[in-house]
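Contents: one structure, followed by commentary.
The values are calculated or read from the model by the stated rules, or taken from the named source; none is laboratory data. Quantities reported herein were computed from a predicted structural model and do not represent experimental measurements. Methodologically, a virtual Cβ is constructed for each residue, glycine included, from the backbone with ideal geometry; neighbour enumeration extends over all protein chains shown. Keep in mind that these areas ignore ligands, DNA and RNA; they rest on the heavy atoms of the full protein, side chains included. Shrake-Rupley method; radii C 1.70, N 1.55, O 1.52, S 1.80 Å.
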Amino acid sequence: MNVEQVMMLAPVIPVLVIHDVAQARPIAEALVEGGLPALEVTLRTPAALDVIREMAKVEGAVVGAGTVLNPDDVKASADAGARFLVSPGLTDRLADAAIASGLPFLPGTANAGDVMRGLDMGLTHFKFFPATANGGIPALKALAAPLFRARFCPTGGITEQTAADWLALDSVLCVGGSWVVPAGAPDVAEIRKRAAAAANLPR
C-alpha cells in the first residue's frame with residue numbers, strides 16, 4: 001500500500017493520543033466499524049508503541065505512527081507494526097530513514113520551501129500542519145496552486161464542522177482529525193457514531 005492508497009481509505013484519519021494500552025483495541029474496533037480504517041497513533045505517550053501493536057491486531061485496521069521525529073522513531077514504529085508514518089515536519093535525516101523503511105510516509109509541511117524540499121526527495125504527498133494556525137484554507141489554496149503536483153492531508157485545528165470545507169479542495173485527499181476520539185475514557189458507541197459521520201464526508 002502506498003501513501004496515496006492510505007490517504008484514500010477514508011476522508012478522515014483519526015489522530016490518536018492514547019495513554020492506556022487497554023483502550024487500544026476497543027478504540028480501533030469502533031473506528032474500523034464506523035468506517036475509518038487508517039489510524040494515526042501519535043508517539044506522544046509512553047504507551048504509543050504498545051498501542052500500535054494492539055491496534056494492528058484489529059481486522060481491517062491500517063495503523064500508522066504519528067509524531068515521528070527521527071530515524072529512531074522510524075525504526076521503533078516499523079518494529080511495532082506501523083504500516084505508515086506521519087511527521088510534524090520534514091528533515092533530511094527523517095526523510096532518508098522513512099524512505100529507506102519502505103513505509104508510506106506523510107511528512108509535515110508548512111510552507112512552499114518544505115513542500116519543494118519534499119518534492120526534491122521524490123515525495124508528493126504531505127501533511128499540511130498546523131493547518132488552521134498556519135493560515136487555514138486560504139493558505140493551503142495559495143500554496144497548492146504553484147505546487148500542483150503535491151497532495152495534502154491537512155491536520156491541526158480541523159473540526160467536524162470544518163472538515164468538509166477542507167475536503168472540497170482539489171489538493172486535499174483526506175484530513176487528520178482528533179475530534180473523532182475525544183479525550184478521556186473511550187465511549188465506543190460515541191466513537192463509532194463519530195467515525196461513521198466522518199467516513200461519510202464528501203470529497
Taking amide hydrogens as modeled 1.01 Å from N in the peptide plane, which residues meet the under 5 Å criterion relative to R83, leaving out close sequence neighbours? V63, G64, A65
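Taking the Cα centre as origin and putting +1 on Lys and Arg beta-carbons and -1 on Asp and Glu beta-carbons, what dipole magnitude results for the chain, to the nearest 20 debye? Working shown, then result.
Numbers: 16 positive and 20 negative charges, 59 e Å.
I would put it at about 280 debye.
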So which lysines can K141 reach, going by Cα to Cα under 26 Å and dropping same-chain residues fewer than 8 places off? K127
Selection from T159, F148, A183, by position along the positive dipole direction of segment 118-196 (Cβ): F148
Can you pull the Kirkwood radius for segment 86-172, inverse mean 1/r over Cα pairs, to one decimal in Å? 13.0
For E40, the accessible surface traced by a 1.4 Å probe with all protein chains present amounts, in square angstrom to the nearest 10, to 10
Dmax and Rg, reported as Rg then Dmax, of the chain (C-alpha, Å): 15.6, 46
Cα gyration tensor of segment 34-134 - equivalent ellipsoid semi-axes, whole Å, descending: 23, 15, 12
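Any idea what the dipole of segment 114-194 comes to, in debye rounded to 20, about its Cα centre with Lys/Arg Cβ at +1 and Asp/Glu Cβ at -1?
Working: 8 positive and 7 negative charges, 29 e Å.
The dipole magnitude comes to about 140 debye.
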Using 0.36 nm per residue, how much length does the chain from I137 to I99 gain when fully extended, once their Cα-Cα distance is taken away? 10.8 nm
Write down the radius of gyration of segment 40-99 and its Dmax, each obtained from C-alpha positions, in Å. 10.9, 34
Once the whole set of protein chains is in place, how much accessible area is left on D50, using a 1.4 Å probe, in Å² to the nearest 10? 80
Residue-level accessible surface for R44, protein heavy atoms, 1.4 Å, Å²: 140
Using only the heavy atoms of the protein chains and a 1.4 Å probe, how would V15, V188 rank by accessible area, largest first? V188, V15
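Quick one: order H19, H125 from most to least accessible surface, probe 1.4 Å. Working shown, then result.
On the way: H19 140, H125 25 Å².
Solvent-accessible surface, decreasing: H19, H125.
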